[in-house]
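The structure under discussion appears below in the form of C-alpha cells.
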C-alpha cells in the first residue's frame, strides 16, 4: 500500500497458475498470498497431480501388471492368506480378481478421488482453522490452498515410476510403499509388526513436506499465526495416523 492509500502494482497484480505452481517449491507464501487476494483457480495443480498419478499407473500397468499387484497385496496380509489357503480355487480366484479390479479402478478414478478427498479435507480444515483458531478463511480459499499444497506429493508418484522402470521385480512391488520416500519403504512388510509398519508408512517425506506447505497456506488465507496453521493441519494428520495404527494393532 502506498502512502496515499492506493494499492501498489505488486499488491494488485495476480500470479498466473504456473507462477503459483512454481512458487510452491520456492516461495509458497507468494502463492498463498495470491489466493488470499481472491485468485482461487486450482485446475493447474489438479491436472499436474493427476498426470503424475497416471505416470505411476502406466508404469505399474506396463512393468508389474495389476494381477501381480493384487497377488502381492493378498500375500502381504497373513490373515487373508490363511483364509485363502483353505478356500476352494474358485474363491481364491474371485478374491484375486476383486482385489485387482478394486485397486486398478481406484487408480483409474483418481481425478474423482482427488476431488472428493480435497473437498472433504478442505471442509474439515476450514472448520478447524476458523472455529478453533479464530481464522477468517473461506472454504474456496482453503480448497485452493489444499490443491497447491499437495503438489510435493507428485514426487512420490514419479519416484515410484522411476523405481519400477529401473528394474524392480514385479513380485516385490509394494503398493503401500512404492517409492523410497517413507520409513516403511525400508522395512520388510512381512517381518515388521503390522502396527509399526503402518506407523513407518505414515512417516513419508513428501507427505510431511505437503503438510508443512498446507499449514503455511492455511495460516495465510485464514489470517492467523503460522503456528495455528501447523496445529490445525498436523492435528488432523496425527489423529488419522493414530486411528490407522490403532486399527492395524487391533486387527493384527
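Among the residues that make up the range 204-223, is at least one of them assigned to a loop (DSSP other than H, G, I, E, B) and under 25 Å from residue 133 (Cβ atoms)? There is at least one residue in the range 204-223 that is assigned to a loop (DSSP other than H, G, I, E, B) and under 25 Å from residue 133 (Cβ atoms).
Residue under question is residue 203, and the condition is that it be free of Cβ contacts under 8 Å to residues at least 40 places away in the same chain, surrounded by fewer than 16 Cβ atoms within 10 Å (Cβ to Cβ), more than 23 Å from residue 31 (Cα to Cα) and in contact with a strand residue (DSSP E or B) (Cβ under 9 Å, 6 or more places away or on another chain); does it hold? In short, yes.
Each residue in the range 72-98 was checked for being closer than 23 Å to residue 160 by Cβ and either in contact with a strand residue (DSSP E or B) (Cβ under 9 Å, 6 or more places away or on another chain) or in contact (Cβ under 8 Å) with a residue 60 or more places away in the chain (or both), and 3 pass. Regarding residue 176, is this residue closer than 19 Å to residue 65 by Cβ, assigned to a loop (DSSP other than H, G, I, E, B) and touching a residue at least 24 places away in the same chain (Cβ under 8 Å)? Yes. Looking at 246, 229, can you tell me which residue is modelled with pLDDT of 95 or more, within 28 Å of residue 40 (Cα to Cα) and either in contact with a helix residue (DSSP H, G or I) (Cβ under 8 Å, 6 or more places away or on another chain) or part of a helix (DSSP H, G or I) (or both)? Sole residue among the options that is modelled with pLDDT of 95 or more, within 28 Å of residue 40 (Cα to Cα) and either in contact with a helix residue (DSSP H, G or I) (Cβ under 8 Å, 6 or more places away or on another chain) or part of a helix (DSSP H, G or I) (or both): 229.
Restricting 78, 104 to those that are within 19 Å of the chain's Cα centre (by Cα) and modelled with pLDDT under 95 reduces the list to 104. Could you tell me which of the residues 52, 122 is surrounded by 16 or more Cβ atoms within 10 Å (Cβ to Cβ) and within 29 Å of residue 164 (Cα to Cα)? Testing whether each residue is surrounded by 16 or more Cβ atoms within 10 Å (Cβ to Cβ) and within 29 Å of residue 164 (Cα to Cα) leaves just 52.
Taking the options 64, 73, 69, name whichever one is buried (at least 18 other Cβ atoms within 10 Å of the Cβ) and farther than 25 Å from residue 117 by Cα. So the residue among 64, 73, 69 that is buried (at least 18 other Cβ atoms within 10 Å of the Cβ) and farther than 25 Å from residue 117 by Cα is 64.
The values are calculated or read from the model by the stated rules, or taken from the named source; none is laboratory data. As the structure is a computational prediction, the values presented were derived from the model and not from experiment. Using ideal geometry, Cβ is built from the backbone for each residue, glycine included, and neighbour counts are taken over all protein chains shown.
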